[in-house]
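The values are calculated or read from the model by the stated rules, or taken from the named source; none is laboratory data. Just so it is clear, the model here is predicted, and its values are computed rather than measured. A quick note on method: Cβ atoms are made from the backbone with ideal geometry, for glycine too, and the neighbour counts reach across all protein chains shown. Note: accessible area is taken over every heavy atom of the protein model, side chains too, but ligands, DNA and RNA are not part of it. Shrake-Rupley method; radii C 1.70, N 1.55, O 1.52, S 1.80 Å.
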Amino acid sequence: MELKQLQYFRAVAKQNSISRAAEALYITQPALSRCVKRLEKEIGIPLIERMSAGVKLTPAGEAFLEELDQVFLHLEQGVHNARKTANADKPKLSVVCSFEDFDDRVLELLHHDFPDIQINFDVLPPDQAYRELLAGKANFAIIPYFSDRSDVVFEELLIEEMLLSTPASHPFHGRPTVRLSELNNHACVCNEVSYCWDAITCVCDENHITLKLLLSGTDHQTVGRFKGLTDSMLFIPVSATMNKDPDDNRILTFPSRVVPQCFYRRICLAYREDKQFSAAEKHFVNLVRGYYRKRKQDIQAFCREKFES
């Protein structure tokens, strides 16, 4: 008795048809019929009744199928357990990030140098990403700075200026600069994955500015569309305007710089203070540092060209 015979019999029983089962198995009807007959011969009893409209199971066939289903269920569980056991010793890395513009080529480089590592990467709002780190569900978090815990290390990677993007109908649209005081009482939407509302309001409170928040979300397209529909402002990072795809029409005019410059996002690499680094994790940290070091240089060069020329 072969496993293939049992698989073929199950297919015929489930389909109630040799022709449909043969089609699903990508074999010919005669070949499938011969296989089932050999199985019946080995068992010594008929399992199916062949009828003009298809086939149906004999009582013995129904009893056999019921047990056979349990066998295959255990077989599938065995395969799952075997794979789980085989992967148990593989190094794992879980990273959460609150910045949707993070270049995942960093992870590709890590996987190239550590091909056996299992990488889990999620883009989450800052608060949620921070909770994942504190709960031990993530090894590293690329997030804004949080100051409420002394047992978490925050390594600053980049401080990036945020510019003001507005729809074409907005009075600020097309202006190279906008004074901070002019923002007072204007409507604003917020992309929480790029620049959280708490960071915006902190700057506004320090400068006695009030913004009217109309929408705060994590989906860039939804926030962008709402910005246009409500004639609202949106803070976006300088890097979002660099090396822009010419086919991407989301930014039709260069955003405005707020003066004095006070809206920045602080990007940090966070991990638990008591963390013991594996070789792969050390390599990941170095790759992240190198990525943001290069990005900082690119942003500085871009701003010199755009704002100081």
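Quick look at the values:
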{"quantity": "In Å², nearest 10: area of Phe99 left accessible to a 1.4 Å probe", "calculated": "10 Å²"}
{"quantity": "Rg/Rg_globular for segment 257-304, with Rg_globular taken as 2.2 N^0.38 Å and Rg from C-alpha atoms", "calculated": "1.58"}
{"quantity": "Charge-dipole axis of the chain as Lys and Arg at +1 and Asp and Glu at -1 on Cβ define it, positive-most pick from Ala199, Gly290, Ile143", "calculated": "Gly290"}
{"quantity": "Summed residue charge, Cβ within 15 Å of Ile200's Cβ, Lys/Arg positive, Asp/Glu negative", "calculated": "-3"}
{"quantity": "For the chain, calculated [θ]222 nm from helices alone, where every DSSP H run of n ≥ 4 adds -39500 (n - 2.57)", "calculated": "-14000 deg cm²/dmol"}
{"quantity": "Rule-of-thumb Rg ratio for segment 36-77 [Cα; 2.2 N^0.38 Å; N residues]", "calculated": "1.29"}
{"quantity": "Antiparallel content of DSSP bridges confined to the chain, in %, to 5", "calculated": "50 percent"}
{"quantity": "Share of carbon and sulfur in the accessible heavy-atom surface of segment 101-165 [1.4 Å probe, %]", "calculated": "46 percent"}
{"quantity": "Label-point separation in nm, Asp198 to Leu75, each point 7 Å along Cα→Cβ", "calculated": "5.3 nm"}
{"quantity": "Overall dimensions of segment 21-104 as given by Cα atoms, namely Rg and Dmax in Å", "calculated": "22.6, 66"}
{"quantity": "Per-selection metrics, segment 83-217 (Cα): Rg and Dmax in Å", "calculated": "19.3, 62"}
{"quantity": "Which listed pairs, of Lys92/Lys282; Lys212/Lys296; Lys275/Lys296; Lys4/Lys41, have C-alpha distances above 20 Å, in listed order", "calculated": "Lys212/Lys296; Lys275/Lys296"}
{"quantity": "Efficiency of FRET from Cβ geometry, Glu206 and Ala168, R₀ 22 Å, rounded to 0.05", "calculated": "0.10"}
{"quantity": "Kirkwood Rh, Cα atoms: Rg over Rh of the chain", "calculated": "1.24"}
{"quantity": "Cα centroid separation, segment 170-241 to segment 98-158 (Å)", "calculated": "25 Å"}
{"quantity": "When the convex hull of its Cα atoms is projected in every direction, mean area for segment 147-258 (nm²)", "calculated": "8.1 nm²"}
{"quantity": "Peptides ranked, highest mean first, by Cβ atoms within 10 Å: ranges 3-11, 206-214", "calculated": "3-11, 206-214"}
{"quantity": "Square roots of five times the Cα gyration tensor eigenvalues for segment 131-192, Å", "calculated": "35, 13, 12"}
{"quantity": "Per-q log10 I(q)/I(0), segment 1-51, q = 0.16, 0.24 Å⁻¹ (Debye; single scatterer per alpha-carbon; no solvent)", "calculated": "-0.37, -0.86"}
